[in-house]
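Inspection log for the structure reproduced underneath, given as structure tokens.
The values are calculated or read from the model by the stated rules, or taken from the named source; none is laboratory data. Nothing here was measured: the structure is a model prediction, and the numbers come from that model. As a convention, Cβ positions derive from the backbone with ideal geometry for all residues, glycine included, and neighbour counts pool all protein chains shown. Heads up: the accessible areas ignore ligands, DNA and RNA and are worked out on the full protein's heavy atoms, side chains in. Shrake-Rupley method; radii C 1.70, N 1.55, O 1.52, S 1.80 Å.
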Amino acid sequence: MKLTPTRKIIAGAVGTVVIMGLIYATSISPAKDSESSSNAQLATVQSAIAGDQVQLTQLQALASHQPAMLAKAFRLNMAVPIGTQTPGMMIELQALAKASNVTLSQVRTVSTTAAGSLNATVYEVDVTGRFFNVDDFLYRVHNQVAVTASGKVIIKGRLYAVTGVQLSLAGASGSTAQGANPNNVLADLQLMTFSSGDSSTGATGATGATGATGATGATGSTTTGGSTTTPSGAGGPG
């Protein structure tokens, strides 16, 4: 059958639509699906990158604060070390005594007890020197750890608590201080330091002095005939 021009136009249009449909189905639609999948994968990757960037920023911030944190931990360990660290404390007190021009004559450990989460060790310390030099020594001991008006903590060494002070003339009778300079005073101090870790056993107290042996009583007198009439005297008190 011979096609009229109108039918030819219609047939051509239909063919064009069919061809375009085939092209869309075989090329354009799969490409769009692939693009959508790629976009989804790209969004996932970008999200992962954003998360990694946040973590990296946090790690960089933490790393930048590490030196300050380590320095703070070191300073705190100076003030409150692990264990009593008595030898180090004595060296520090000797340095403070030298700076104050006083003599550190004796350091005696009294006891170590629990103080909350820390341990407190009590020492008795004898210091000899001029009054104002002894006062300077106490000031230095007190300010090894100090807090400024703004709340900043300044740590130079151990944290001390002076719990007792007794002053006497260094040349007074019965004084244990060396020398007899009338211008010097003897300061008997009681200091407390703090430490972390297991509590140490407290210092054993001094053994009491033994009493003197009592004198032997006089022998009783003997009557005629040799019989004893008076018993021997009892021994004196121990």
Q: Express in Å², to the nearest 10, the accessible area of Arg140 obtained by rolling a 1.4 Å probe over the protein heavy atoms while all chains stay in place.
A: 90
Q) Between Leu169 and residues 5 or more places away or on another chain, which pairs have amide H atoms under 5 Å apart, with H built 1.01 Å from N, and which residues are they? A) Leu186
Q.
Taking θ = phi - 60°, what integer Hz values does the Karplus form 6.51 cos²θ - 1.76 cosθ + 1.60 yield along the range 127-144, in sequence order, with x for Gly and Pro?
A. 10, 10, x, 5, 4, 5, 6, 5, 4, 5, 4, 4, 4, 5, 4, 5, 9, 4
(Q) Please list Phe132, Phe137 from largest to smallest accessible area, probe radius 1.4 Å, with all protein chains kept in place. (A) Phe132, Phe137
Q | Cα gyration tensor shape of the range 108-165, rounded if a/c is under 1.5, else prolate or oblate by comparing a/b with b/c | A | oblate
Q. By the gyration tensor of its Cα atoms, with a ≥ b ≥ c the square roots of the eigenvalues, what is the shape of the range 69-161: rounded for a/c under 1.5, prolate for a/b over b/c, or oblate?
A. oblate
(Q) Please list, in order along the range 104-119, the HN-Hα scalar couplings obtained from phi with the Karplus expression 6.51 cos²θ - 1.76 cosθ + 1.60 (θ = phi - 60°), rounded to whole Hz, x for Gly and Pro. (A) 8, 8, 9, 9, 10, 7, 9, 6, 10, 10, 6, 9, x, 8, 10, 10
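Summing Lys, Arg as +1 and Asp, Glu as -1, what charge do residues with Cβ under 15 Å from the Cβ of Gln166 carry, Gln166 excluded? Spell out each step's value before the answer.
On the way: positive: Arg108; negative: Glu124, Asp126, Asp135, Asp188.
Overall, the nearby charge balance is -3.
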